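As structure tokens, the structure follows; a few thoughts come after it.
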Amino acid sequence: AVARAYWDAGVRHIVALRGDPASGVGQSYTPTPGGYANAAELVTGLKKIANFEVSVGGYPEKHPESASLQSDIDNLKAKVDAGADRIITQFGFDNTHYLRFLERARAAGIWVPIVPGIVPIHNFRQVAGFAVRTGASVPAWLARRFEGLDDDPATSHLVAAAVATEQVMDLVDQGAKTFHFYTLNRADLVYAICHLLGLRPLKTAPLEQRRAAG
């Protein structure tokens, strides 16, 4: 019913995620009675309702609940075979993990776009804790960049913008063209990063002028 309401409202792109266990990350997942057991089933259900463009999650360092890297790739392929149009990865800080994940996915016959997820570190302790719970490693060099900045949010945000920009530029050099930013409700930091990357706001004519232009 929710998906049909989205379609009727004009929504055409959905990010389809299984969701976390009701008891919290790291606990066993139990589907809602009569509901979808996993994201692959959710994608199948969405595609039956309407021709949504569907993105799904990918985990360069393996989903915490997956038994192995191979089982994780097998699950990812099941989502793509169900009709997923794009993969958005869990955030990470070491681009090597993304590049290896890309190689494994292509070797498994997964050819949809794989968009790297980037999280600007507005608060290092908070983001690092979230990373541990979701299976993303935190390199020692990254921790050193934020060392001593717990009570200095202004400097911390400057460092965060520089780190994320460096990461994106390295991925651009590796051939990546599109990125997904996890804003964590801090759009100002993402805006600054986009500015550093050379992006600028589109200048849109006032509505009256657009209407007059037809």
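The values are calculated or read from the model by the stated rules, or taken from the named source; none is laboratory data. Source: prediction; values computed, not measured. Using ideal geometry, Cβ is built from the backbone for each residue, glycine included, and neighbour counts are taken over all protein chains shown.
Brief remarks follow.
- Meets criteria (more than 28 Å from V163 (Cα to Cα), modelled with pLDDT under 95 and either part of a loop (DSSP other than H, G, I, E, B) or of a type outside the set (G, A, S) (or both)) for P31: yes
- The number of residues in the range 150-193 that are without any contact (Cβ under 8 Å) to a residue 12 or more places away in the chain and among the polar types (S, T, N, Q) comes to 2.
- Residues being touching a residue at least 24 places away in the same chain (Cβ under 8 Å), more than 19 Å from D94 (Cβ to Cβ) and touching a helix residue (DSSP H, G or I) at 6+ places or on another chain (Cβ under 8 Å) - total across the range 30-72: 11
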